[in-house]
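Working notes for the structure below.
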């Protein structure tokens, strides 16, 4: 299997923390900087017609087709964890190994990004979650997206614990407000723990560009 020069896996501390927004904004910045980018959302579940799917948002950022980013057979029109949605819809739910084997990249991709679903331990496949897929894919960097407000410290530390000894890990405090004292305190606390913290997709893109070039 062709592997990107740099493989990034994006997970979150929970659902609705902005994983897709951060991923798409980062990919857009990388693409504007002249890097060849590609994204994969191995599985997705959604409310039909409510808003663009994660796969569609990522496809807009990379210039790919939505079906390249998210395989139709693994896209479930029901807002549940993919294995639950698949069971309700009487559809196929792959194993972690099958998911990994299904991910293909265009030749000469500088940065390939894989986005998980929900938090690190949210059900992803018939036999595993994002942590299992991370250990199967062996990405060059794991990105954790978290809110910046109340609960951020526990959420970030719990997610890192779930990943085990994995490194490097970069944490994005999404929706960070530099005028919010709680956000400032959370940022300082996490930095003092020795964690790699960034406050925007633009900062994340700079780190990735620094390795890719």
Can you find, within region 165-196, the residue that is surrounded by the fewest Cβ atoms within 10 Å (Cβ to Cβ) among those that are in contact with a strand residue (DSSP E or B) (Cβ under 7 Å, 6 or more places away or on another chain) and under 20 Å from residue 28 (Cα atoms)?
175
Among the residues listed as 90, 68, the single one being modelled with pLDDT of 95 or more and on the phi > 0 side of the Ramachandran plot
90
Taking the options 58, 78, 35, name whichever one is in a loop (DSSP other than H, G, I, E, B), over 23 Å from residue 126 (Cβ atoms) and either in contact with a helix residue (DSSP H, G or I) (Cβ under 8 Å, 6 or more places away or on another chain) or touching a residue at least 60 places away in the same chain (Cβ under 8 Å) (or both).
35
Tell me which residues, restricted to region 9-23, are in contact with a helix residue (DSSP H, G or I) (Cβ under 7 Å, 6 or more places away or on another chain) and either part of a strand (DSSP E or B) or surrounded by fewer than 20 Cβ atoms within 10 Å (Cβ to Cβ) (or both).
9, 10, 11, 12, 14
Output the residues belonging to region 127-155 that are in a loop (DSSP other than H, G, I, E, B) and either modelled with pLDDT under 95 or within 13 Å of residue 8 (Cα to Cα) (or both).
138, 139, 140
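The values are calculated or read from the model by the stated rules, or taken from the named source; none is laboratory data. The structure presented is a predicted model; accordingly, all values stated were derived computationally and were not measured. A quick note on method: Cβ atoms are made from the backbone with ideal geometry, for glycine too, and the neighbour counts reach across all protein chains shown.
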